[in-house]
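The values are calculated or read from the model by the stated rules, or taken from the named source; none is laboratory data. Note that the coordinates shown come from a computational prediction; the quantities given were computed from them, not determined experimentally. All Cβ positions, even for glycine, are placed from backbone atoms using ideal geometry, and neighbour counts span all protein chains on display. The area values use the complete protein model at the heavy-atom level, side chains included, leaving out ligands, DNA and RNA. Shrake-Rupley method; radii C 1.70, N 1.55, O 1.52, S 1.80 Å.
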Amino acid sequence: MHSYSTRAPDIRHRYAYNPSMRICLVPGCLAETFYPQAIRDSRILLEASGAEVFVPPQVTCCGQPAWSNGHPAVGRELATALLDASAAGDYIVLPSGSCAAMLRVFTPPLLETDSPRRQISAKVHELIEFLDTIVHYRPPTNSLAGRRIVVHHGCHARRELAAVGTVEHLLEAAGATVLDWKLAAECCGFGGSFAVNLPEVSVAMADRKLDALPQCDCVVTPDPGCLMQLAGRAERRGLGLTIRHAASLLREAEQMRQNEH
Amino acid sequence: MTGDLRERIRRAAVELEDPGLPPPAPRPVYTDPLTRLGERLVTNGGEWHRPPDQAAARAWLDEFAAGFASMTVSKNVPASLRPALATAPPEQAELGIGLARLAVAESGTLILDSREGRKSQLLPPTHLIWIEAANIVADLPAALERLAPDLPAALGFHSGPSRSADLGGITVLGVHGPGRVIVVLIAPLEPL
Amino acid sequence: MNIEPIDYRTAAARLLAERPDIREAITRATLAKEDRRREGYADIDSEAWRDWASRLRRHVLANLDYYLEQAGRALEANGIRVHWAEDAQATCATVLSLCHERGVRRVVKGKSMLSEEIELNPALEAAGIEVTETDLGEYLIQLAGERPSHIIGPAYHKPLSESQALFAERLGTPAGAEPSALAAAARKHLRQRFLAADMMITGANAIAADTGTIALVENEGNIRIGTTTARIHVACVGIEKLVPRLTDLGTLLPLLSRAATGQRLGNYVSLISGPRGAEPEGPDEVHVIFVDNGRSRLLADPPAASTLACIRCGACLNACPVFRQTGGHPYQWAYSGPIGAVLAPGLLGLERGWTLAQASTLCGACDAACPVRIPLSGLLRLWRERAAQAGLEAPGEAPAIRAYARLARRPHRFHMATRLLGRFAPWFGPLVPPLSRWLRGRTLPLRNRNR
Ligand code: SF4
């Protein structure tokens, strides 16, 4: 079973250690399948905020693929199972804006009005938004000094979770320069089944985004779906771009603090 | 309406939630509609003149009209505001001259009444519109409220020169209607 | 009856492969209009205006029978003849009989998507009537024998070079003539058509039920001229296009203009409240044909009825990143983009239209743009659900979702599967859909790559 254990050195003295706060880290299918390192990185960052982190083995999928493709009953079933499996957390945190939006915004309308799962749903956060606005995590000053970075937010994180600014805020706190991107707000073309049902249009959408990128050291996104789409397309085109999960870059910054100790 | 269609629509409509008529949407308050009208009209590609008095308006008109060979004039324009130009049918005239019924500051819009004749408003390549200061209103709902009791066959709202961006996304003026629109503010007129 | 679904994917793939210039033209036009819309929304309290418009339009839909009767009476009282048409065929028949009774040989038209929807031009031409589109973009499309690619900008897909070649061939303009010279040539040619026309056919942006007034918004002046020079004006109007009061237009038309092009108000607005009567110029007759053509069925479908609140501004098309790659042609009917995708199953039927609901990532850009707050991505999802219930899905999708759900119910197997998939997908991916389709143009991440 995955535990995404981090064996991180104890850095809790930097933050108010709060063992009474338990964070349920939910990996999400795509990260679990293709980006397990991003989940480990997420765990390190959450632990750096001083809380206890656990990954319940029963959590699987948030149900969004079924829900958005015309199977809301299946979507609701998976979403409620996930919420039940995560209920022990004071917060439920996902390194995926899209899954977080599913659980927090799209699931409640599928539930009964008096469902206790509404309260569980209200505890759901996207990782970076959680770090920035709930626990006020800050990366070490100057840990990313001189890096020129472009940020992509998934559309659900942008619209449903109003997450724009969170990643940027943490990167700037680490001394990085966040660059303007003319098409920042545009969808990358992933869209779950859309990417395989209409691959030609999906790829054209990714190209539009990639072609509008400014010169930069790295593109980061807190959404594994967008990451897979943009990185997969950039690699196929041989663009030589570095595209990473936002948690991975922030973990690298966090490493500097750990190295100091 | 056929009874059948009416019945079908009635049965469908009653099933829908009715939020009721909304209260008016908020609008910015313009302290100086007159200046605003000029600014907005110019932004839209129109020309705007504000002569200090009737004599200045007349002097401006004579100089302006010298650039044209023929005109067509709305019957609402008083003799004092008609230049000494040969008249021609609207299909041939170089210049159309009219008197706006109202103007809307927020969008730089002149409201023209079909009772003055529509062709002179549309067919000549240049359109000169006189507007009285008293007939300038701040926004479109206010204008419509004033117009509602006395609607002609057609009201034309003109906010600038005729334009299109259908040719490769490049804006061109004077596609069908006048390519040049000049609006001149005048003091209240004597009733005709 | 065996109804073929609209194959957006194949048409889109072909367009992307063969006409990269169309993709460029559409992207440029829609991005520019999207910027204009943002500017247009920025200097009003756009949230409040959109709430207002959303509420107004929904109020109209919930009382549509009342407002239609009121509008019908008010129009007639103004001397405007009112007709009712159940469907496309009945609408065309009404126009044709007007033409026959009144000896109409030459028709000029203002841009109207309803006219595209009901295929009015072919019906008129088949009856030997000369039809001339007078909106410059629509005229270009007519010359080229094409269809509009956007509900506001029919020629957004046309690169300038194509328009130049077309005008050189058909109007004798010099090769590579400037846009202003092309426009001048069109003006001269179309002016003759206006002056010779018997009938002007338009749509309507709205009809005010209280005063019986037809509102038309445009930028070129062709609608104003056509409704002045022709002796008969016919407006074909969807039954949903009503506003209760004339003064409602004072907010609706500026909002429509801002959403469509960022303008504070379209350059020309015509408010038509009757035939010329005793006035010096204008048509002797004005007719309104209220067209149902599936709308009352959509109205009777409460979860989808808000689709009828649409004011056809095109903002959702401009905002849509899918539309931006292909323009409207691959949607293969009058309406395209998000609104086209939710109108298609509603008006054409689920069997024909369901595929268009797949042509979206559900990114929500359309929801954020729509001036009347139609929940477009929610409606796309609704039609996906109905399609799934009717057994209409992409090949293999239903079994795939079932298998996936089964797996997700068993956490242990699920985690094992993700591990295996993550490790080996790059190797067996090319052989199995949907991974093979992912690999069209993209790589899969290598799991052991440590980053
Ligand atoms: S759905 Fe909304 S945004 Fe799209 S055309 Fe209609 S009114 Fe405009």
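Buried surface for the B/C pair, taken as the accessible area of each chain alone minus that of the pair with a 1.4 Å probe, is close to 6400 Å² in total. Phi angles of the range C:266-273 translate, via the Karplus equation with coefficients 6.51, -1.76, 1.60 and θ = phi - 60°, into HN-Hα couplings of x, 4, 10, 10, 10, 10, 9, 10 Hz per residue; Gly and Pro are given as x.
With both residues required to sit in the protein assembly as shown, DSSP beta bridges show an antiparallel share near 25%. Of the solvent-accessible surface of the protein assembly as shown, computed with a 1.4 Å probe and all protein chains present, 52% belongs to carbon and sulfur. For the range B:84-97, putting each phi into the Karplus relation 6.51 cos²θ - 1.76 cosθ + 1.60 with θ = phi - 60° gives couplings of 7, 10, 5, 8, 9, x, x, 5, 10, 4, 7, 9, x, 10 Hz, in residue order, rounded to whole numbers and with x for Gly and Pro.
Using a probe of 1.4 angstrom and keeping all protein chains present, the accessible surface of the range C:152-234 works out to 30 square angstrom per residue. Ligands, DNA and RNA aside, B:L185 has an accessible area near 20 Å² when probed at 1.4 Å. Per-residue packing, averaged as other Cβ atoms within 10 Å, sorts the ranges C:297-307, C:356-366 into the order C:356-366, C:297-307, beginning with the highest. Counting, for every residue in C:146-155, the Cβ atoms of other protein chains within 10 Å of its Cβ and taking the mean gives 1. Note that the range C:204-212 has calculated 3J(HN,Hα) couplings of 7, 7, 6, 10, 7, 5, 6, 9, x Hz, one per residue in order, obtained from phi through the Karplus relation 6.51 cos²θ - 1.76 cosθ + 1.60 (θ = phi - 60°); glycine and proline are x. Packing here is the average count of other Cβ atoms within 10 Å per residue, and on that basis the peptides C:43-50, B:77-84, A:126-133, highest first, run A:126-133, C:43-50, B:77-84. Taking the centroid of alpha carbons for each part, the range C:389-407 and the range B:168-185 are 56 Å apart. Excluding A:E112 itself, what net charge comes from residues whose Cβ is under 12 Å from its Cβ, given Lys and Arg +1 and Asp and Glu -1? Charge balance near A:E112 sits at +2.
Over the residues of chain C, the helix contribution to mean residue ellipticity at 222 nm works out to -15000 deg cm²/dmol, using -39500 (n - 2.57) for each DSSP H run of at least 4.
Proximity of backbone amide H atoms, modeled 1.01 Å from N, is registered between C:E178 and no other residue at under 5 Å, excluding neighbours fewer than 5 places apart on the same chain.
Across peptide C:54-66, the mean count of Cβ atoms from other chains lying within 10 Å of each residue's own Cβ comes to 6. Residues whose amide H comes within less than 5 Å of that of C:T211, counting only those at least five positions distant or on another chain, are C:L246 (H built at 1.01 Å from N in the peptide plane).
Each Cα pair under 8 Å and six or more residues apart adds its sequence gap; the mean of these over the residue count of chain C is a relative contact order of 21 percent. Across the range A:159-250, C-alpha contacts under 8 Å between residues 6 or more apart give a mean separation that, scaled by the residue count, equals a relative contact order of 26 percent.
Distances between placed amide hydrogens fall under 5 Å for B:T109 paired with B:V104, all partners being 5 or more residues away or on another chain.
If you take the Cα centroid of the range C:29-54 and the Cα centroid of the range C:293-332, the two points sit 18 Å apart. With contacts taken as Cα pairs under 8 Å and at least 6 residues apart, the range B:29-162 reaches a relative contact order of 28 percent. These residues, B:D4, C:D198, go from largest to smallest accessible area, 1.4 Å probe, as B:D4, C:D198. With R₀ set to 22 Å, the beta-carbon distance separating B:V14 from C:E69 gives a calculated FRET efficiency near 0.90. Which residue fluctuates the most in chain B, going by a Gaussian network model with Cα springs under 10 Å, if the choices are B:G38, B:G108, B:G117? Its mean-square fluctuation being the largest, the pick is B:G117. Near C:P345: Cβ cut-off under 9 Å, other residues only, Lys/Arg at +1 and Asp/Glu at -1. The net charge is +1.
The local environment of C:D292, defined by Cβ-Cβ distances under 9 Å, has a net charge of +1 under the rule Lys, Arg +1 and Asp, Glu -1. With respect to chain C, whose longest principal axis is taken over its alpha-carbon atoms, helix C:46-62 is tilted by about 70°. In the structure shown, the pairs B:K119/C:K111; A:K209/C:K109; C:K109/C:K241; A:K209/C:K188; A:K123/C:K33 are assessed against 31 Å; a Cα-Cα span above that value is assigned to A:K209/C:K109; A:K209/C:K188; A:K123/C:K33. Excluding ligands, DNA and RNA, the accessible surface per residue across chain A is 34 Å² with a 1.4 Å probe.
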